[in-house]
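One structure is given below, encoded as structure tokens.
FYI, it's all coordinate maths here, none of it is from the lab. Keep in mind that this is a model prediction, so the values were computed, not measured. Every residue, glycine as well, gets a Cβ built from its backbone with ideal geometry; the counts of neighbours run over all protein chains shown.
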Amino acid sequence: MAKMVFERESQFANKWRKFDIYINDNKRENIKDGETKQIDVEPGEYIVKMQIDWVESATHKVQVKQDETIHFQCGSRLKGWKVLKASSAMNTVDEFVYLEKK
């Protein structure tokens, strides 16, 4: 069995909100502030993204091999003074919520 591991950084922006984890356009799990989630998947090709309300991260196309673990980091790019840009960032992909392959 292959695995995808999602690590969400702990930060002020969206601290009390959960991000939804989508794999191939299906909501699989949600992840809380500072949490790490592991999802078991069959080997194959997947499209992965995060979402909160209507706001999405960039999508990642990944190929997962048998017994392989793929790691992702997620959170918000709204840090420090950028938190003040929250309302304008809601229409920007990968800003209000981001997903990066590690």
| query | Along the Cα-to-Cβ line of residue 101, 7 Å from the Cα, sits a label point; which residues in region 8-30 have backbone N less than 16 Å from it? | reply | 22-25
| remark: Assertion target for 32, 37, ordered by fewest C-beta neighbours within 10 angstrom first, is 32, 37
| field | Out-of-range pairs (alpha-carbon distance over 18 Å; input 18/102; 65/102; 49/102) | value | 18/102
| Using the beta-carbon distance between residue 63 and residue 28 and R0 = 30 Å, what value does 1/(1 + (r/R0)^6) give for FRET efficiency, to the nearest 0.05? | 0.95
| message | Under 18 Å between alpha carbons, and skipping anything fewer than 8 positions from residue 3 in its own chain: which aspartates and glutamates qualify? | response | 20, 25, 29, 35, 40, 42, 45, 67, 68, 100
| request: May I ask you to sort 99, 78 by Cβ crowding, counting other Cβ atoms within 10 Å and putting the fewest first? | output: 78, 99
